[in-house]
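Asks: Take this structure first; my questions come after.
The values are calculated or read from the model by the stated rules, or taken from the named source; none is laboratory data. What you see is a predicted model; the values in this text were computed from it and never measured. So basically every Cβ, Gly included, is an ideal-geometry build from the backbone, and we count neighbours across all protein chains shown. Surface accessibility is based on the protein's heavy atoms, side chains included, excluding ligands, DNA and RNA. Shrake-Rupley method; radii C 1.70, N 1.55, O 1.52, S 1.80 Å.
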Amino acid sequence: PGLPPPHTLPLFHRRAASDMLQALRLARRGAPCGSRSRLWRAVLATHRHATSLPQIPGIICTNKEIPDDLLVKRVRRWAASSEALSAGAFDLLQIYETADGRRVPRAICGLLRTEMLLAGSTEPIKTIVTVFYRARDYLNSEFWEDQVKRLSDILAEEFLGGGRGIQLMVHHNTPAWALGLEIGDHRLLAEFETLDVVGNPLRFGGQAVEPELLDVHGGGSSGSGTLVGHRHGFHRLRSPVVSKRAAVPGEVSQGEYVLRNAGGEAVCGVEVLGVLPSRLVCGAAWSAEGREPEFGQLVDELRRRAGRPMVSLLADPRDGGWRRLCGPTAAPLPGLWRSRKRMGVAVTGAPVGLSPELQARLAKAPFLVPWEFVPFHFGRLVLI
């Protein structure tokens, strides 16, 4: 009782700005002309109050308030590579604690405000996603991970505002028993797997294939209906609408690629999520029955065009098409070496105001893995 309510991220900045302006006006009225010390003390005091919550120890900085270091720079480069995270609905938050008169970072997380389409539905549902969280005090990592999870819960509750919505949390470096991540109202929704394939650098010639980059949002491609039908059985984040990028010969950009038969019908496809220094990262793999060899040719050709030695295919293992193409009994994809393993990424969620039918669908249907669920350190050695 008597404590100020927690702030949502949009209100967080607006209230801070309005309180700061009010402090400026009060300081100007009370301060003599040319006196600025009282003015800036009022501004800084208001700023510190606006970036703290009574439920969370320490102070909270957001976005540009967070100074660059090795970890923050890596996270920002990863966020800049995503259209969804670059569209203005992503916020980076870092919790600081004062020690020996200076601010020490204790935990960091990223929140994405978006919408999600449930499997079998075309109605978007308001969603907030903690796309990553990480403790920076490694001697007390469990405590600070709990604090950053609590911060995510507070902001999610304010963002959803008691209406219908979904809160998702993406966990990295998950334990073998991922059910231990179910805390409070959060329930385990998905664990992801990856198939890593190292290509053959000495392979020349062979049957040439020509992948086609689809314009998913434009709807002008004859293959978009096949793609929409494939995605309809999955939970997927709603992507921002962007103009179609012109395909550059010999290069691979993010998007959905398909192969067509002689009649112009798409027979297999895969989504390029990103290109890392060591590998090509793909998801949403599919093929028509009996077209599995063409799928292998598509993946190998995209890897070759990207100039990467390896390709990683990510999926929710509940996807039947994934098991048919990349499962333990599937025909091997072209390459020198293959490894199928747990990705170490899990998703928990807490539905708010959803009907029992939608809650059951959320728990049972698989996810399409978006780039935002791929860890910023995926495929890299991180010592920070």
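Asks: Please go through region 319-371 and pick out each residue that is touching a Phe, Trp or Tyr at 6+ places or on another chain (Cβ under 7 Å), in a strand (DSSP E or B) and within 14 Å of Leu118 (Cα to Cα).
Replies: Answer for region 319-371, where residues must be touching a Phe, Trp or Tyr at 6+ places or on another chain (Cβ under 7 Å), in a strand (DSSP E or B) and within 14 Å of Leu118 (Cα to Cα): just Phe367.
Asks: Name every residue in region 125-143 that is touching a residue at least 60 places away in the same chain (Cβ under 8 Å) and either open to solvent by 40 Å² or more (accessible area, probe 1.4 Å) or among the basic types (Lys, Arg) (or both), in order of residue number.
Replies: Of everything in region 125-143, those that are touching a residue at least 60 places away in the same chain (Cβ under 8 Å) and either open to solvent by 40 Å² or more (accessible area, probe 1.4 Å) or among the basic types (Lys, Arg) (or both) turn out to be Arg134, Arg136.
Asks: Oh, and also: I'd like to verify a number: residues in region 256-277 that are in contact (Cβ under 8 Å) with a residue 40 or more places away in the chain and open to solvent by less than 40 Å² (accessible area, probe 1.4 Å), how many?
Replies: The qualifying residues number 11.
Asks: Determine whether region 86-93 contains at least one residue that is of a type in the set (S, T, N, Q) and either open to solvent by less than 10 Å² (accessible area, probe 1.4 Å) or within 21 Å of Leu188 (Cβ to Cβ) (or both).
Replies: Taking every residue of region 86-93 in turn, none turns out to be of a type in the set (S, T, N, Q) and either open to solvent by less than 10 Å² (accessible area, probe 1.4 Å) or within 21 Å of Leu188 (Cβ to Cβ) (or both).
Asks: Right, next: I need a count of the residues in region 257-293 that are over 21 Å from Phe378 (Cα atoms) and part of a strand (DSSP E or B).
Replies: Total meeting the criteria: 10.
Asks: Restricting attention to region 374-383, does a residue exist that is of a type in the set (D, E, K, R), touching a strand residue (DSSP E or B) at 6+ places or on another chain (Cβ under 8 Å) and open to solvent by 20 Å² or more (accessible area, probe 1.4 Å)?
Replies: Among the residues of region 374-383, not one is of a type in the set (D, E, K, R), touching a strand residue (DSSP E or B) at 6+ places or on another chain (Cβ under 8 Å) and open to solvent by 20 Å² or more (accessible area, probe 1.4 Å), which makes the answer no.
Asks: Do you know which of the residues in region 115-124 that are in contact with a Pro (Cβ under 8 Å, 6 or more places away or on another chain) and part of a strand (DSSP E or B) is most open to solvent (accessible area, probe 1.4 Å)?
Replies: Glu115
Asks: Would you confirm whether any residue within region 318-329 is farther than 17 Å from Val197 by Cα, out of contact with any Asp or Glu (no Cβ under 9 Å at 6 or more places or on another chain), buried (at least 23 other Cβ atoms within 10 Å of the Cβ) and in contact (Cβ under 8 Å) with a residue 12 or more places away in the chain?
Replies: yes
Rundown of residues vs (1) more than 23 Å from Pro240 (Cα to Cα); (2) at pLDDT 95 or above, yes/no style:
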residue: Glu123; (1), (2): no, no
residue: Thr130; (1), (2): no, yes
residue: Tyr138; (1), (2): yes, no
residue: Ala156; (1), (2): no, no
residue: Val170; (1), (2): no, yes
residue: Ala178; (1), (2): yes, no
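Asks: Turning to a different aspect of this structure: Does any residue of region 52-75 turn out to be at pLDDT 90 or above, part of a helix (DSSP H, G or I), open to solvent by 30 Å² or more (accessible area, probe 1.4 Å) and in contact with a Phe, Trp or Tyr (Cβ under 7 Å, 6 or more places away or on another chain)?
Replies: Within region 52-75, one or more residues are at pLDDT 90 or above, part of a helix (DSSP H, G or I), open to solvent by 30 Å² or more (accessible area, probe 1.4 Å) and in contact with a Phe, Trp or Tyr (Cβ under 7 Å, 6 or more places away or on another chain).
Asks: Moving on to the next point. Quick check on Leu313: is it open to solvent by less than 30 Å² (accessible area, probe 1.4 Å), modelled with pLDDT under 95 and outside any loop (DSSP other than H, G, I, E, B)?
Replies: Considered against the rule, which asks whether it is open to solvent by less than 30 Å² (accessible area, probe 1.4 Å), modelled with pLDDT under 95 and outside any loop (DSSP other than H, G, I, E, B), Leu313 comes out as no.
Asks: Please go through region 287-318 and give me each residue that is within 20 Å of Glu191 (Cβ to Cβ) and touching a helix residue (DSSP H, G or I) at 6+ places or on another chain (Cβ under 9 Å), ordered by number.
Replies: Passing the criteria: Leu313, Leu314, Ala315, Asp316, Pro317, Arg318.
Asks: Quick one: Leu381 ticks every box in (1) at pLDDT below 90; (2) farther than 29 Å from Glu294 by Cβ; (3) over 23 Å from the mean Cα position of the chain (by Cα) bar one, so which box is it?
Replies: (3) is the only condition that Leu381 fails.
Asks: Could you go through region 152-163 and let me know if any residue there is of a type in the set (S, T, N, Q), assigned to a helix (DSSP H, G or I) and surrounded by fewer than 16 Cβ atoms within 10 Å (Cβ to Cβ).
Replies: no
Asks: Arg308 is checked against (1) assigned to a helix (DSSP H, G or I); (2) over 22 Å from the mean Cα position of the chain (by Cα); (3) of a type outside the set (Val, Ile, Thr); (4) within 20 Å of Tyr257 (Cβ to Cβ) and fails just one. What number does that condition carry?
Replies: (1)
Asks: Could you count how many residues in region 177-197 are in contact (Cβ under 8 Å) with a residue 24 or more places away in the chain, farther than 24 Å from Arg113 by Cβ and open to solvent by 40 Å² or more (accessible area, probe 1.4 Å)?
Replies: Residues flagged as in contact (Cβ under 8 Å) with a residue 24 or more places away in the chain, farther than 24 Å from Arg113 by Cβ and open to solvent by 40 Å² or more (accessible area, probe 1.4 Å) within region 177-197 amount to 1.
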